[in-house]
1. Name the residues in the range 36-53 that are within 20 Å of residue 120 (Cβ to Cβ) and of a type in the set (A, V, I, L, M, F, W, C), would you?
2. Quickly run through the range 21-40 and pick out the residues that are of a type in the set (A, V, I, L, M, F, W, C) and either modelled with pLDDT under 95 or exposed (fewer than 14 other Cβ atoms within 10 Å of the Cβ) (or both).
3. Would you tally the residues in the range 118-127 being under 13 Å from the mean Cα position of the chain (by Cα) and without any contact (Cβ under 8 Å) to a residue 60 or more places away in the chain?
4. Residue 90: open to solvent by less than 70 Å² (accessible area, probe 1.4 Å), within 17 Å of residue 130 (Cβ to Cβ) and more than 14 Å from the chain's Cα centre (by Cα), yes or no?
5. Wholly within the range 1-115, which strands (runs of 3 or more DSSP E) include no fewer than the required count, namely at least 3 residues that are under 24 Å from residue 143 (Cα atoms) and either touching a residue at least 12 places away in the same chain (Cβ under 8 Å) or touching a strand residue (DSSP E or B) at 6+ places or on another chain (Cβ under 6 Å) (or both)?
6. Just need a number here: residues in the range 93-109 that are closer than 12 Å to residue 44 by Cβ and either open to solvent by 70 Å² or more (accessible area, probe 1.4 Å) or in contact with a Pro (Cβ under 7 Å, 6 or more places away or on another chain) (or both).
Amino acid sequence: MTAANPHIPLAPVRAGQEWLRACTSDPGTAQRMWTAGLPVAIRSGTHWRVAEARTSHTLAALRWMHLHPSGPVLACLDTRRAWWLLPAGAAVDELDDVGVTVRPAGWELLCPPVTNSVGSLWWLSIPDGTGYLTNPTVLAAALASTDLRSEGGSE
């Protein structure tokens, strides 16, 4: 038997799954889609805002943030993009300077369940069930500290 990941205890996984399901327009349909191995499109705006960044920037920022908890972060291996979930009413102007695209309310984020990946979509940092989301100020500082903005071009 392998040791459980100390960063992902089972209780938060279940709570995170319930929270994510509750963020959908139809929790029952969402669960059926996840059971069928499909991602679910969840609209931003009501529960969160979405900040999109390169996966390389995101991984560097997560390393920098090890002392600062982040909210949920979703990644796609195929597109090499990652999406940070931010509070719905948060000011995000400071993210403009660090190479992040903040998606408008109503933008759909394809989400796998918290419990497993779907295709190339997987959670780098899972929802914990509390509704805790990433602070945009901390995210901007983390991304600025990575000094990856000078890479130019897209991945």
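1. 36, 38, 40, 41, 42, 50, 51, 53
2. Matches in the range 21-40: 22, 36.
3. Total meeting the criteria: 2.
4. It is true that residue 90 is open to solvent by less than 70 Å² (accessible area, probe 1.4 Å), within 17 Å of residue 130 (Cβ to Cβ) and more than 14 Å from the chain's Cα centre (by Cα).
5. Fully inside the range 1-115 and qualifying: 49-54, 73-76, 81-86, 101-103, 108-111.
6. Summing the residues that are closer than 12 Å to residue 44 by Cβ and either open to solvent by 70 Å² or more (accessible area, probe 1.4 Å) or in contact with a Pro (Cβ under 7 Å, 6 or more places away or on another chain) (or both) in the range 93-109 gives 3.
The values are calculated or read from the model by the stated rules, or taken from the named source; none is laboratory data. A quick note: this is a predicted structure, and the numbers were derived from the prediction, not measured. When we count neighbours, we look across all protein chains shown, and the Cβ atoms used for this are built from the backbone with ideal geometry, even at glycine. Ligands, DNA and RNA are excluded from the accessible area calculation, which covers all protein heavy atoms including side chains. Shrake-Rupley method; radii C 1.70, N 1.55, O 1.52, S 1.80 Å.
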